[in-house]
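Asks: A single structure is presented below for examination.
The values are calculated or read from the model by the stated rules, or taken from the named source; none is laboratory data. Nothing here was measured: the structure is a model prediction, and the numbers come from that model. Glycine also receives a Cβ, built like all others from the backbone with ideal geometry; neighbour counts cover every protein chain displayed. Note: areas computed on protein heavy atoms with side chains; ligands, DNA, RNA excluded. Shrake-Rupley method; radii C 1.70, N 1.55, O 1.52, S 1.80 Å.
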Amino acid sequence: MRKPSRRAFLAAAGATGLGATAGCLGFLETERATREPPLPENRPEAAYVPSHVEGMEMAGMQTSGRYACALTYTFPHRFWLVRTTDTDRVNVRGEDDVHLMVAVWDTETGTVLPEANVEIEHTGPEDETSSVTPWQMLSQQMGVHHGDNVALGPEGNYDVTVRVVPPTTRRSSGESVATDPVEFDFSFTFDRSALDDLPFEDIPADREGTEGAVDPMDMESATLSQVPPDDSFPIQALGSGETGGAKLVVGTTSEFGDLAAGDDETYVAASLRTPHNRFALPSASLSATADAGGERVFDGDLVPTLDADLGYHYGAVVSAGEEIENATVSVETPPQISRHEGYETAFFDFSDVSV
């Protein structure tokens with residue numbers, strides 16, 4: 001289990017400043033008291049308002065071919081790893097300097113790539129080089145990203161290379177995307193005193209720990225992992241329901257990219273998302289049954305799929321001569337994604353949703 005830390009970091013040398021309030025919840029600690037308040041008491045088994053939010057800075061945004069990558073940082077902070085239905089809390093280590101975050105998306109479709117493999121290599125002012133493989137994460141302000149607490153070293157200029165292996169997640173277009181690694185280069189200045197200047201809000205006691213969420217940040221140049229609202233779902237919605245603290249929207253369409261082309265084919269899509277900010281919940285296992293013409297026409301798994309309109313969702317092509325009348329969706333395995341504060345107690349105990 002990885003552990004995090006505390007200290008401070010930064011200013012972005014030559015980087016685009018992004019003064020959005022935090023995507024990663026955290027605290028500040030150098031060799032002094034931590035800024036991070038205690039966890040709220042009696043946290044619900046649902047998304048809840050965290051104890052605090054903090055500022056972050058963007059070290060830069062780069063594109064390479066059809067992919068884009070944003071590198072941001074903030075204070076090191078606690079987070080939770082997910083192992084099936086269990087969580088392991090990761091605490092900040094004394095040597096941790098920053099929490100580095102990477103967002104990766106497809107510029108042609110505008111979709112975030114939750115299942116990409118990411119590695120961060122950083123070289124410091126004394127030519128010392130180290131690397132980290134960040135965790136796939138979910139936060140209330142940044143949505144799906146990759147991040148970890150990182151020990152840098154001496155203050156000064158750092159060169160960072162982010163290596164991304166594009167995911168093999170199915171695409172509605174049917175295209176096979178090359179999975180050769182793509183590299184993005186950034187630089188920033190590590191200054192412990194600069195992190196003290198980032199915004200920090202201690203959320204009032206009468207609000208923290210209540211069901212809800214803080215607002216997503218406005219990243220301007222980067223893409224968040226949000227999916228379409230219920231009332232503007234891009235395909236015909238069969239219905240929706242709440243389960244495991246998440247929202248599940250189920251829809252059907254006779255034509256869907258290269259996956260369904262009419263002629264007795266129907267595409268069934270299940271969009272599993274956070275209830276307040278509409279962030280896609282990836283890396284889960286879903287199955288479904290569907291009926292048409294009074295008969296069971298489908299009973300099987302839903303496959304993670306990327307689509308320009310639906311975003312990340314779970315879907316299957318159903319052979320049905322008639323319109324789908326009803327469907328029942330089951331979440332077999334919770335989203336296997338690490339959580340920032342406010343999400344670590346949610347999205348585990350699911351019941352079936354019938355629409």
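Asks: Could you list, in sequence order, the residues of region 307-337 that are acidic (Asp, Glu), over 20 Å from Ala280 (Cβ atoms) and part of a strand (DSSP E or B)? Break it down stepwise before answering.
Replies: Our first condition is that a residue be acidic (Asp, Glu); within region 307-337, this holds for 307, 309, 322-323, 325, 332.
Now restrict to residues that are over 20 Å from Ala280 (Cβ atoms): 322-323, 325.
Once the filter is applied, which keeps residues that are acidic (Asp, Glu), over 20 Å from Ala280 (Cβ atoms) and part of a strand (DSSP E or B), region 307-337 yields only Glu325.
Asks: Now a separate question. Could you check, for region 228-243, whether at least one of its residues is in a loop (DSSP other than H, G, I, E, B), among the β-branched types (Val, Ile, Thr) and surrounded by fewer than 19 Cβ atoms within 10 Å (Cβ to Cβ)?
Replies: To start, the set of residues in region 228-243 that are in a loop (DSSP other than H, G, I, E, B) comprises 228-229, 233-235.
Of the ones still in play, those that are also among the β-branched types (Val, Ile, Thr) are 235.
Filter once more, keeping what is surrounded by fewer than 19 Cβ atoms within 10 Å (Cβ to Cβ): none.
Within region 228-243, not a single residue is in a loop (DSSP other than H, G, I, E, B), among the β-branched types (Val, Ile, Thr) and surrounded by fewer than 19 Cβ atoms within 10 Å (Cβ to Cβ).
Asks: Now for a different question. Name the residues in region 68-110 that are open to solvent by 10 Å² or more (accessible area, probe 1.4 Å), modelled with pLDDT under 95 and part of a strand (DSSP E or B), would you?
Replies: Within region 68-110, no residue meets the criteria.
Asks: Here's another thing I want to ask about it. Given the criteria more than 26 Å from Val303 (Cβ to Cβ) and loosely packed, with under 14 Cβ neighbours inside 10 Å, does Glu155 qualify? Show your work before the answer.
Replies: Values: more than 26 Å from Val303 (Cβ to Cβ): yes; loosely packed, with under 14 Cβ neighbours inside 10 Å: no.
Spelling it out, it is not the case that Glu155 is more than 26 Å from Val303 (Cβ to Cβ) and loosely packed, with under 14 Cβ neighbours inside 10 Å.
Asks: Okay, moving on. Scan region 10-61 for residues that are β-branched (Val, Ile, Thr), in a loop (DSSP other than H, G, I, E, B), out of contact with any Phe, Trp or Tyr (no Cβ under 7 Å at 6 or more places or on another chain) and modelled with pLDDT of 50 or more and jot them down.
Replies: Step one: filter region 10-61 for residues β-branched (Val, Ile, Thr), giving 16, 21, 30, 34, 49, 53.
Those left that are additionally in a loop (DSSP other than H, G, I, E, B): 16, 30, 34, 49.
Applying the additional criterion that residues be out of contact with any Phe, Trp or Tyr (no Cβ under 7 Å at 6 or more places or on another chain) yields 16, 30, 49.
Within region 10-61, Val49 is the sole residue that qualifies.
Asks: Checking Ala280 against (1) modelled with pLDDT under 95; (2) open to solvent by less than 10 Å² (accessible area, probe 1.4 Å), which test does it fail?
Replies: It is condition (1) that Ala280 fails.
Asks: Collect the residues in region 124-140 that are more than 19 Å from Arg83 (Cα to Cα) and open to solvent by less than 10 Å² (accessible area, probe 1.4 Å), keeping them in residue-number order.
Replies: Here is the first cut: in region 124-140, the residues more than 19 Å from Arg83 (Cα to Cα) are 124-132, 140.
Selection gives Gly124, Gln140.
Asks: Being part of a loop (DSSP other than H, G, I, E, B) and more than 21 Å from Ser51 (Cβ to Cβ) is the filter; apply it to region 338-353 and report the residue that is least open to solvent (accessible area, probe 1.4 Å). I'd like the intermediate steps shown before the answer.
Replies: Step one: of region 338-353, the residues part of a loop (DSSP other than H, G, I, E, B) are 340-352.
From the residues that got through so far, the ones that are more than 21 Å from Ser51 (Cβ to Cβ) too are 349-352.
Details: Asp349: 123, Phe350: 36, Ser351: 68, Asp352: 98 Å².
Top of the filtered list is Phe350.
Asks: When residues of region 176-198 are filtered for being surrounded by 13 or more Cβ atoms within 10 Å (Cβ to Cβ), over 22 Å from Asp106 (Cα atoms) and modelled with pLDDT under 90, how many remain?
Replies: 6
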